[in-house]
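As structure tokens, the structure follows; a few thoughts come after it.
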Amino acid sequence: MPDATSPLCLMAVLAHPDDESFQGGLYGKYADEGVRTVLVTCTLGEEGEIVDPTMDVAAVQPRLGEVRTEELKCSAEALGIGQLHMLGYRDSGMAGTPANANPLAFTNVDFESALARLVALVRQERPQVIICDDENGSYGHPDHIMAHRLAVAAFEGANNPFRFPVALGEPGPWQPSKLYYTAWPIEKFMAVRQEMIARGLPDPFESWGSPEEATEETRSFIRRAPLVTTTLNVAPYYERKVASFRCHRTQLNEKSLAFSLPDDIARRVFSEESFTLARSRVARTLPETDLFTGLR
């Protein structure tokens, strides 16, 4: 187990460039509190859409992984992320697409080899807290599911020198203390919807239907309130999140939720970040307003 004198560190294990933006306030919050922040991005995002109307899609598409890498670096700087690691796997595309069959796709890579790489990073960075998507990858994306599986296995396995032997000169075994899944409470989105309609503005979630009518994909993307154990106030870091969103030009444009909401609503939506405490090796005190509850 980490001892009480270990410097505090948070590691996020996410699938694509731009995934870090939506829970991006936590990086500035914890950096300001003296916590070292680490982002592990698993793929280059080659299968993402190109929504920037000023871009030549035919010219950008063949080098989209390279473009999104630069967008990610821009975002990491905007959010104040302390250390960025890119595993460099190929984007698998949305579930059911031809890209899923590519043997190089992240979803098809040898799990043990990928896990050994992540375990090495966990041992190197020594985080007490790890964040990832939930078991459904938040909305069923194969890469999000794979990143989840790796993060959970690394949380459980980084302290095992028998399964993952330590070579001479490498950091020794390390046991993270808490594992969180990102959470998306549906009540929050439905409140936004109702307020937009009340103001006579376009419904940003019209295609979702009511909570009862929501599609299977929508249901899987948003987690209901009882599953939210931890809520962070990141209001002071709202502008950093917006700057991060703007870095991802290929993925987000002015029609995206990040930019289409009135400013007062957008600030409310993006000034709170929600999580589910999935594993804990310290006493649980729920609900929480700090990912490091029990570790300070």
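For the pair the range 113-184 / the range 1-51, the C-alpha centres are spaced 13 Å from each other. Extension gain for Q83 to N253 (0.36 nm times residue separation, less C-alpha to C-alpha distance): 58.5 nm. Cβ-Cβ distance of R268 and Q194, R₀ of 22 Å, FRET efficiency by 1/(1 + (r/R0)^6): the value works out to about 0.95. Mean sequence separation of contacting Cα pairs (under 8 Å, at least six apart), scaled by the length of the chain, corresponds to a relative contact order of 23 percent.
Under 5 Å between amide hydrogens, built in the peptide plane, is the criterion, and for I131 it picks out M11, A12, V13, Y180 among residues at least 5 positions away or on other chains. Here Cα Rg over 2.2 N^0.38 Å was computed from the coordinates, and among (1) 1.10; (2) 1.21; (3) 0.99 the match is (3). Note on E49 and D203: their simple-model spin labels are 1.9 nm apart, each label 7 Å out from Cα toward Cβ.
Under the 0.36 nm per residue contour assumption, what length would be gained going from the current alpha-carbon distance of T97 and E112 to full extension? Let's see the in-between values first.
Numbers: separation 15, 0.36 × 15 = 5.40 nm, distance 2.47 nm.
So the chain would gain 2.9 nm between T97 and E112.
Helical runs assigned H by DSSP (4 residues or longer) give the chain a calculated mean residue ellipticity at 222 nm of -10000 deg cm²/dmol, each run adding -39500 (n - 2.57) before division by the residue total.
Once C-alpha pairs closer than 8 Å and six or more residues apart are averaged by separation and normalised to the residue number of the range 1-139, the relative contact order reads 32 percent. With each label modelled as a point 7 angstrom along the Cα→C-beta vector, the E33-R281 pair spans 2.0 nm.
Extending 7 Å from the Cα toward the beta-carbon at both S6 and Q61 defines two label points whose distance is 4.6 nm. By the Cβ distance rule of under 4.7 Å, the chain has these cysteines without a partner: C9, C42, C132.
Once the Cβ-Cβ distance between N160 and E135 is put in as r, and R0 is 30 Å, what FRET efficiency do you end up with, to the nearest 0.05? Can you show the working numbers first?
On the way: r = 22 Å, r/R0 = 0.72.
Computed FRET efficiency for N160 and E135: 0.90.
Among V67, S138, T230, flag the residue with its Cα farthest along the positive direction of the charge dipole of the chain, charges on Cβ as +1 for Lys/Arg and -1 for Asp/Glu. Most positive-ward Cα: T230.
Bear in mind these aren't lab numbers, they're just calculated from the coordinates by the rules spelled out. Everything numeric here is computed off the predicted structure, so don't read it as measured data. We place every Cβ from the backbone using ideal geometry, glycine too, and count neighbours over all the protein chains shown.
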